[in-house]
Amino acid sequence: MAKDYYTILGVEKSASQDEIKKAFRKLAHKYHPDKEGGDESKFKELSEAYQILSDEKRRAEYDTYGQTFGPGGGQGADFSGFQNFNGAFGEEFDLGDIFGSMFGGGQARERRGRDISIDLTVQFRESVFGTERTVLLAKMSTCAVCTGTGAKPGTPLKKCATCNGMGKMRESRQSFFGTLSTVRTCETCEGTGKIPEEKCSACRGAGVTRKEEEITIKIPPGIEDGEVIRLSGAGEAIPNGTTGDLYVKVRVEKHKIFRREGSNLVMNLDVKLTDALLGGSYEVQTIDGPAVKVKIPKSVSFGEMLRVRDKGVLNENGKRGDMLIVITIKMPSKLSRKAETLLEDLRKEGM
């Protein structure tokens, strides 16, 4: 007879994935065999039910046929290795989220230094073509004298007496779960199992020291305001661990002429009314130096756009966008009597 996995987890058949997960978490706490009063058989049954119902495909097969047909699913599934659940249910669910190091079965988390975040302001032109900046940061860095070992150069490391070279300490304590066996990293050796026989005088055996460090930051071409650059390993160092990262948030100063639209640069150009009607020629500034001559066609409209190719932003493919020139017509503030007469004549012609 097929097992009723919904009854085993104590949920309705219409239960959501979140409800199924919460039910399993609660019951796993209660019946985990490493906990005093736990039930190995019950825990295996719970695990089997969760493995099926947490997978949409297997759950659909189970709802339809009362069993599943995929690898590892259905009746007779082998849960003999239930003691080691780290990753047993994929990325969606990890018993380490429930128990952590509570039962000593999970993998120790990697020690990692603190990340650093800074803001960096660049000029508009630098954001278009890219640039380099050097910043001076005061941070924890690997000791240059002992190269992070914490030992005086030329002296050996010895076995940590606190953990007997294991790098971990096991202890038992009482909690609302009962008697729990806990494994923690040895604080004396930071989990390495070894300590300096003679400490480095520069870092006093810590392996890291606080110092000022120059870091070169490459600003890529085409970067936009608010983008973040990540420099892996440029954050703070930590004894016997991985160095953190440096995150640089780039601020781009506004330009007095240009603004960005993707890989294009946009600018406004004021033209006289007569040039808008009869056409003309104007010199306009480019972002990379020399001005270019632009022809204004006859009867150009307000807001019409002219394009100068390959004068825009350098993109990731090494190509440049265009410079777009938006026409605005500058109306005269005063008219002479002759100008008024000429305009009256134009009006009579229906213009």
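Below are the figures for this structure:
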{"quantity": "Any hit, region 212-233, residues being of a type outside the set (Lys, Arg) and touching a Pro at 6+ places or on another chain (Cβ under 7 Å)", "calculated": "no"}
{"quantity": "Residue in region 306-314 that is within 21 Å of residue 123 (Cα to Cα), assigned to a strand (DSSP E or B) and in contact with a helix residue (DSSP H, G or I) (Cβ under 7 Å, 6 or more places away or on another chain) present", "calculated": "yes"}
{"quantity": "Residues located in region 108-154, provided they are among the β-branched types (Val, Ile, Thr) and under 17 Å from residue 192 (Cα atoms)", "calculated": "142, 147, 149"}
{"quantity": "Tally, over region 238-258, of residues that are among the β-branched types (Val, Ile, Thr), buried (at least 17 other Cβ atoms within 10 Å of the Cβ) and modelled with pLDDT under 95", "calculated": "2"}
{"quantity": "Residues located in region 125-139, provided they are farther than 30 Å from residue 317 by Cβ and surrounded by fewer than 20 Cβ atoms within 10 Å (Cβ to Cβ)", "calculated": "136, 137, 138"}
{"quantity": "Selection from region 211-268 of residues that are among the basic types (Lys, Arg) and outside any loop (DSSP other than H, G, I, E, B)", "calculated": "211, 218, 230, 249, 251, 259, 260"}
{"quantity": "Residue check, residue 203 outside any strand (DSSP E or B), surrounded by 13 or more Cβ atoms within 10 Å (Cβ to Cβ) and modelled with pLDDT of 90 or more", "calculated": "yes"}
{"quantity": "Residue that is closer than 30 Å to residue 131 by Cα and either basic (Lys, Arg) or in contact with a strand residue (DSSP E or B) (Cβ under 7 Å, 6 or more places away or on another chain) (or both), where the choices are 210, 204, 184, 170", "calculated": "210"}
{"quantity": "Lone qualifier among 168, 152, 159 - being in contact with an Asp or Glu (Cβ under 7 Å, 6 or more places away or on another chain), over 30 Å from residue 249 (Cβ atoms) and surrounded by 12 or more Cβ atoms within 10 Å (Cβ to Cβ)", "calculated": "152"}
{"quantity": "Which numbered condition residue 263 misses (of (1) in contact with a Leu (Cβ under 9 Å, 6 or more places away or on another chain); (2) surrounded by fewer than 15 Cβ atoms within 10 Å (Cβ to Cβ))", "calculated": "(2)"}
{"quantity": "Within region 269-284, tally of residues that are part of a strand (DSSP E or B), in contact (Cβ under 8 Å) with a residue 24 or more places away in the chain and surrounded by 13 or more Cβ atoms within 10 Å (Cβ to Cβ)", "calculated": "4"}
{"quantity": "Candidate set: region 20-53, residues that are small (Gly, Ala, Ser) and closer than 20 Å to residue 66 by Cβ; chosen: the one surrounded by the most Cβ atoms within 10 Å (Cβ to Cβ)", "calculated": "49"}
{"quantity": "Failed condition for residue 190, given (1) charged (D, E, K, R); (2) surrounded by fewer than 17 Cβ atoms within 10 Å (Cβ to Cβ); (3) modelled with pLDDT under 90", "calculated": "(2)"}
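For every residue, the table says whether it meets (1) touching a residue at least 60 places away in the same chain (Cβ under 8 Å); (2) assigned to a loop (DSSP other than H, G, I, E, B); (3) closer than 30 Å to residue 130 by Cα.
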{"residue": "300", "(1), (2), (3)": "no, yes, no"}
{"residue": "303", "(1), (2), (3)": "no, yes, no"}
{"residue": "327", "(1), (2), (3)": "no, no, yes"}
{"residue": "342", "(1), (2), (3)": "no, no, no"}
{"residue": "345", "(1), (2), (3)": "no, no, no"}
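The values are calculated or read from the model by the stated rules, or taken from the named source; none is laboratory data. Everything numeric here is computed off the predicted structure, so don't read it as measured data. Neighbour counts are summed over all protein chains in view; Cβ atoms, including those assigned to glycine, are modelled from backbone coordinates with ideal geometry.
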